[in-house]
Each structure stands twice: as structure tokens, then as C-alpha cells.
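The values are calculated or read from the model by the stated rules, or taken from the named source; none is laboratory data. Keep in mind that what you see is a predicted model, and the values were worked out from it rather than measured. All Cβ positions, glycine included, derive from the backbone under ideal geometry; neighbour counts span all protein chains shown. These area figures cover heavy atoms from the full protein model, side chains too; ligands, DNA and RNA do not enter into them. Shrake-Rupley method; radii C 1.70, N 1.55, O 1.52, S 1.80 Å.
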Amino acid sequence: MDRDELRRQSYEAWETMAAGWERAREQMERSARPVREWLARELDPSPGDTVLELAAGPGETGFEIAKLLREGRLISSDHSPAMVEVGRRRTAELGLENVEHRVLDAEELDLQDASVDGVVCRWGYMLMVDPARALAETRRVLRPGGRLVFAAWREAERNPWVAIAGRMFVARGHVPPPEPGAPSMFTMASDERIRELLTGAGFTARRIEDIPVRFVPESLDDYIAGARETGGIFSRVWDSVSEDEQRAMAAELAEAFAPFRVDGGYELPGVAVGVSAE
């Protein structure tokens, strides 16, 4: 599949998922809190800075940083206009007055050279069609001495909260195996790949660190409902199969999730990787 087609599919998927992400925001952010806090701490912005958030989605990571900027400015951006509107509504709820919302393509930023003091991106670069190009654009818009912080996911084996369902869909013939080199949650899982991309874009890594997370659905139904709201592939597969197949997949998930059963639901582990670079 060519890159333009991948970009078109990505755009359409995020436009479709924006409403679900808005509904599931609170639940997602409970799990994402360790990553959000790590990124804000590592960026360590100064009051008055201009910070760009890429692939912001609902925008919670950037909004945490905006509170530290005082008279500074956060540019909260996403390539999906629907996602940008989700972030705009959340800004109004929080009463933040130093946030600018923009539709921006991370691979071709409509920003001047050396125009921002920091860039943050949570779980975005790994899903971009050309992360090397996006990182080069990030380098271009950062001022000398500016800092980049971002998060990706470690290997599938360390993220059963999402990998179990993904493997099931492939095994049952509902989706093909991932194409080599195609965007996915795990394309930036290794330190080697992260350093390769950073070096190619002119960055030097300051820190690469594991960040444990956990997802705590109250039941299997709660997990499935959340995954249908926020997971594009999960939603497409689940909604496209018969009720019998849904029941069979639910039974398979229940068996696979049994080791993670706790009082009150499940505790599904995961590991993100936090990256700080200059």
C-alpha cells in the first residue's frame, strides 16, 4: 500500500474515532496518567515558553503542560479536524486561555523554523506514515536548545491489554498480519529504532525510559465497550462480524484475560517508553 493511501486511511480513521475518544477520555486518562506526568516532567517548560503538541487527540497531555506555561502558549494540534474540535471543547471546560488549536500535519508542519521551545507527542509518531519526516519537521520548528518529549509503546508481548485482541483478530482471519514497515503501535518499541530515528532527524537522546501502565476494566463487557470506542481496528472488526462470532471472540478474550483477573474486574498491564531528546 502506498504512503498516500495509508495517510488517507489514517485521516479517515481518526475522524471517525474522535467522538469515541471524547466519550472515553476520562477512562483513558486514568490509565495514561503515568505517561502524561512523565512527559510534562521531562519537558520541564519555563513560564512564557511556546510548546507544540503533535497528534494531541483530546489534548490532555498538552493541557497539563499549558498550566505550567502561565503567560506562555500551547499549540494543541492534530491532523484530524474532528480531534481538534474535541480538544477545543475540553479547553473550554478547563478554562484554559493560553491554548491555540490548529489542524497540523506533523510530516509537513505549517510553522516557521525555530518557532517553538518544546514539542510533546504522546503515542503519535509510531502511527505516522513517515515518522522520520515528522521528526525532521519537529527538529526544524524547535528553537536551539529546545526539547522534544514523546511516548511510544514497547513490544506487543509487554502490552497484553491490546496485543491479545490483535493476535486474535489475525488468527481468526479478520485482519491480515501487519505489513512490515507499516505504521502500528509497536513500530518504535525498541531503543535501537528510537535512536535511529532521532539521530536521523538531528536529535540526541537524553533519556529513554520504560513507563509501566495498567488498564483496569470492570468487566469483559467494559473492556469491549472501551475498545470499540477508541480502537479503530477493534471497532471495525467487532461491528463487521456476526453475533455468534462476537460471542466466540468474547469467550476467547475471557480465557486469555483470566490471568489478569482481580477483584472488581481486570488489571491488564502495559509498558510505554518515554523519550526525551534535544
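General observations
- Members of the stretch 41-79 that are of a type in the set (S, T, N, Q) and either assigned to a helix (DSSP H, G or I) or surrounded by fewer than 18 Cβ atoms within 10 Å (Cβ to Cβ) (or both): S46, T61
- Of all residues in the stretch 124-141, those that are in a helix (DSSP H, G or I) and either of a type in the set (D, E, K, R) or under 18 Å from L43 (Cα atoms) (or both) total 8.
- Only one of the numbered conditions (1) in contact with a Gly (Cβ under 8 Å, 6 or more places away or on another chain); (2) open to solvent by 40 Å² or more (accessible area, probe 1.4 Å); (3) over 16 Å from M188 (Cβ atoms) is not met by G146, and that is (2).
- Sole exception among (1) open to solvent by less than 30 Å² (accessible area, probe 1.4 Å); (2) outside any helix (DSSP H, G or I); (3) more than 22 Å from E60 (Cβ to Cβ) for C121, by number: (3)
- Filter result for the condition that a residue is modelled with pLDDT of 95 or more, out of contact with any strand residue (DSSP E or B) (no Cβ under 9 Å at 6 or more places or on another chain) and closer than 21 Å to W123 by Cβ, over V271, V237: V237
- For the stretch 238-253, the set of residues classified as surrounded by 14 or more Cβ atoms within 10 Å (Cβ to Cβ) and either hydroxyl-bearing (S, T, Y) or within 12 Å of W161 (Cα to Cα) (or both) consists of L253 only.
- Number of positions in the stretch 1-40 that are free of Cβ contacts under 8 Å to residues at least 12 places away in the same chain and exposed (fewer than 14 other Cβ atoms within 10 Å of the Cβ): 7
- Within the stretch 149-169, tally of residues that are closer than 22 Å to E252 by Cα and open to solvent by less than 10 Å² (accessible area, probe 1.4 Å): 5
- Qualifying residue in the stretch 75-90 (condition: over 21 Å from the mean Cα position of the chain (by Cα) and among the hydrophobic types (A, V, I, L, M, F, W, C)): no
- Restricting the stretch 134-143 to residues that are closer than 22 Å to R36 by Cα and touching a residue at least 60 places away in the same chain (Cβ under 8 Å), the residue that is surrounded by the fewest Cβ atoms within 10 Å (Cβ to Cβ): R139
- Residue match in the stretch 209-222 (condition: touching a Phe, Trp or Tyr at 6+ places or on another chain (Cβ under 8 Å), part of a helix (DSSP H, G or I), open to solvent by less than 30 Å² (accessible area, probe 1.4 Å) and more than 30 Å from G118 (Cβ to Cβ)): yes
- Filtered residue count, the stretch 80-118, keeping only those that are of a type in the set (A, V, I, L, M, F, W, C), open to solvent by 10 Å² or more (accessible area, probe 1.4 Å), over 13 Å from E60 (Cα atoms) and part of a strand (DSSP E or B): 1
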